[in-house]
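One structure below.
Bear in mind that the values in this text are calculations on the coordinates, not laboratory data. The structure displayed is predicted, hence computed values, not measured ones. We place every Cβ from the backbone using ideal geometry, glycine too, and count neighbours over all the protein chains shown.
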Amino acid sequence: MYICICNAIREKDLRRAACEQGGDAESLYAKLGFAPQCRQCLEDAEQIVAEARSCVAA
Ligand code: FES
């Protein structure tokens with residue numbers, strides 16, 4: 001499933017990035033080589049990042 005339609009970023013790729021490195025969703029997008037465009041996805045993306053990190057910490 002895509003979390004970011006504008007950049008075609010998949011949820012699983014964002015989760016993996018969140019597990020591997022720090023930063024908020026926008027900085028993870030940058031590390032994946034993308035920049036937010038419409039920004040409508042960022043709230044959901046932040047939630048996915050937080051979930052991915054809590055799983056790692058558990
Ligand atoms: S859906 Fe992610 S920037 Fe538009």
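If the rule is a partner Cβ under 4.7 Å, which cysteines in the chain fail it?
CYS6, CYS19, CYS38, CYS55 - these cysteines have no disulfide-compatible partner (Cβ-Cβ under 4.7 Å) in the chain.
Per the Kirkwood formula on distinct C-alpha pairs, the Rh of the range 2-57 is how many angstrom? Don't jump to the answer; show the numbers that get you there.
Details: mean 1/r = 0.0924 Å⁻¹.
Result for the range 2-57 stands at 10.8 Å.
Could you tell me how many degrees, from 0 to 90 and to the nearest 10, lie between the Cα long axis of helix 42-57 and the main elongation axis, the longest principal axis, of the Cα atoms of the chain?
Tilt of helix 42-57: around 20 degrees.
Taking the Cα centre of the range 2-57 as origin, work out the dipole magnitude from +1 charges on Lys and Arg Cβ and -1 charges on Asp and Glu Cβ, in debye rounded to 20.
Numbers: 7 positive and 9 negative charges, 41 e Å.
For the range 2-57, the charge dipole is close to 200 debye.
Would you mind ranking TYR29, TYR2 so that the residue whose beta carbon has the fewest other beta carbons within 10 Å leads the list? Let's see the in-between values first.
On the way: TYR29 24, TYR2 13.
Arranged by neighbour count, lowest to highest, TYR29, TYR2 become TYR2, TYR29.
Taking only Cα atoms, what is the 0 to 90° angle, nearest 10, from helix 11-20's long axis to the longest principal axis of the chain?
50 degrees
Within a Cβ distance under 12 Å of LEU42, other residues only, what is the Lys/Arg minus Asp/Glu net charge?
Working: positive: ARG39; negative: ASP24, GLU26, GLU43, ASP44, GLU46.
Net of charged neighbours comes to -4.
Rounded to the nearest 500, what is the 222 nm mean residue ellipticity of the chain from helices alone, with -39500 (n - 2.57) per DSSP H run of 4+ residues and division by all residues?
On the way: 3 runs with 33 residues, N = 58.
After summing the helix terms and dividing by residue count, I get -17000 deg cm²/dmol.
What is the sum of charges around LYS12, taking Lys and Arg as +1, Asp and Glu as -1, for the other residues whose C-beta is under 13 Å from the C-beta of LYS12?
Details: positive: ARG10, ARG15, ARG16; negative: GLU11, ASP13, GLU20, GLU51.
That works out to -1.
So what J values fall out for the range 26-41 if you push phi through Karplus, 6.51 cos²θ - 1.76 cosθ + 1.60 with θ = phi - 60°, rounded to Hz, Gly and Pro as x?
5, 6, 5, 4, 4, 5, 7, x, 10, 10, x, 10, 6, 6, 5, 8
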